[in-house]
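Working notes, beginning with the structure itself.
The numbers here are math on the coordinates, done by the rules we state, and not lab data. This is a predicted model, so every value here is computed, not measured. Quick reminder, even Gly has a Cβ in these numbers, built from the backbone with ideal geometry, and neighbours come from all protein chains shown.
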Amino acid sequence: MRWENLTDPTSSTDLTDLTGSTDDGRTEHGRAPEAALFGADAVTTRTIDTPEFAGVTFHEIRARSIVNRVPGASRMPFEWTVNPYRGCTHACVYCFARNTHHYLDLDTGLGFDSQIVVKVNAPTLLRHHLASRRWHGDHIAMGTNVDCYQRAEGRYRLMPGILEALRDYANPFSILTKGTLILRDLPLLRQAADVTDVGISVSVGFVDQELWRTVEPGTPAPERRLDVVRALTDAGIGCGVLMAPVIPFLGDRPEQLRATVRAVARAGATSVTPLVLHLRPGAREWFMAWLGRHHPYLVRRYERLYAEGAYAPKWYQRRVTRQVHELAEEFGIGPSRAALRRRVPEPQPEAEPGPATPTQLTLL
Ligand code: SF4
C-alpha cells in the first residue's frame with residue numbers, strides 16, 4: 001500500500017458538489033455571501049464565527065451531491081467517497097489535503113486549519129443517493145480527504161445522520177480518522193456492523209509527544225487515539241492503525257518505530273500499515289516552512305530526500321515498511337484480542353528486532 005493511496009484525488013471532482021441554494025443570502029455577521037469563495041458554481045449559505053471555536057470560521061453550504069467518484073486513474077482501494085467537510089482544525093502540518101483549499105480560493109496554510117467548509121445537508125443527500133435505483137451499494141470511504149471526526153463534527157453532528165443512512169441501506173463503508181469523537185457514534189457503528197461491512201482505521205504515525213504537539217497541534221494525543229482503537233476493538237469492531245505519516249529524521253528512529261508499534265499492538269489493533277510522509281504541492285510549502293522554523297538543520301536533508309518530487313525514495317519507503325512489518329510480527333499484531341493479550345509484552349528495555357517474517361498488513 002502506498003502513501004498516495006490515502007490521498008484523495010476526488011478533490012477536483014468533489015468541488016462540483018459545492019453548488020447549492022442559499023437560505024437567506026447573507027452571513028450571520030451581515031457579510032455578503034462569499035460566492036467568489038467557491039467559484040461560480042457554489043454559494044455559501046452562512047458564514048459563522050463562534051466563541052466556542054475561537055479563530056475558526058465555518059462556511060456552511062448546501063451541497064449538490066455528496067457521493068464522489070474517485071477518478072479512474074487513482075490507485076486507491078475504493079471508488080466512492082463522502083466528505084462532509086473541507087479544511088480541518090486538526091491542523092496537521094503535513095496534511096496532503098491542504099491543496100484542496102486552493103481550489104476553493106482559500107489559503108492552504110492557516111486557512112486550511114481555520115476556514116472549514118461544512119456541507120450541512122450531507123446526511124439528507126446521502127440518504128437520497130443510497131435510495132436511488134442507480135446506486136448499487138458499493139463501498140463508501142470516509143475520512144480519505146479531511147477528517148470527518150474533526151472538532152467541527154461536535155458542533156454539526158453530520159456523521160450520525162450519515163451512519164444512520166448507511167446502516168438503513170446496509171451499505172458497506174470505512175472510516176479513517178484521528179478524532180476521538182468517533183466513539184460518540186459507537187452504538188451506530190455497531191448497528192451498522194450488524195448489517196454490513198464496516199472498516200475503521202485510526203491514524204497514529206508516532207507516539208512521540210513533542211513531535212505530536214508541534215506537527216499535529218489540533219489532534220487528540222496519540223494515546224487518546226489508541227484508546228479509540230481499544231474501545232472499538234472491545235466493542236467488537238475491528239480497528240486497524242494507519243501508521244502515517246512516518247516522518248523522516250523526526251519519527252523514524254528504530255526506538256520510535258518500536259514504541260509506536262508496541263503501543264498499537266497493546267491497543268489491540270487488527271493491523272498496522274506504515275506510510276512514509278509525502279509532500280505534495282500545498283503541503284510541501286507549509287511543511288518545509290514549519291521545518292525551517294523548528295528543525296532548520298534538516299531542511300537540506302529534506303530537500304535531498306524529496307528531490308525527485310512528492311515521495312521519499314523507494315529504498316527509504318521499503319526500509320520503513322520492513323522495519324514496521326518486523327515489529328508488527330514481533331508484537332503479534334493481528335485480529336485476535338485474546339492473542340494480543342497473550343503476546344504483547346510489557347515495555348522492556350529497547351532491543352533491535354531480529355529477523356522475522358513480514359506480517360500481512362491490510363488497510364481499512
Ligand atoms: S487529521 Fe487528517 S485531514 Fe485533518 S489536518 Fe490532519 S491529516 Fe489533514
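Here are a few things to note about the model shown:
- Label point of Glu79 set 7 angstrom out along Cα-Cβ; within the stretch 121-155, amide nitrogens under 18 Å from it belong to 129-142.
- Exposure proxy order (Cβ contacts within 10 Å, fewest to most) of Tyr169, Tyr149, Tyr306: Tyr169, Tyr306, Tyr149
- Using θ = phi - 60° and Karplus 6.51 cos²θ - 1.76 cosθ + 1.60, couplings along the stretch 223-229 (whole Hz; Gly, Pro as x): 5, 5, 5, 6, 4, 4, 4
- If R0 is 45 Å, the Cβ-Cβ spacing of Glu223 and His128 corresponds to a FRET efficiency of close to 0.70.
- The slack between Lys314 and Glu210, meaning 0.36 nm per residue of separation minus the straight C-alpha distance, is 34.7 nm.
- Peptides 217-224, 249-256, 272-279 ranked from most to least packed by the mean count of surrounding Cβ atoms within 10 Å: 272-279, 217-224, 249-256.
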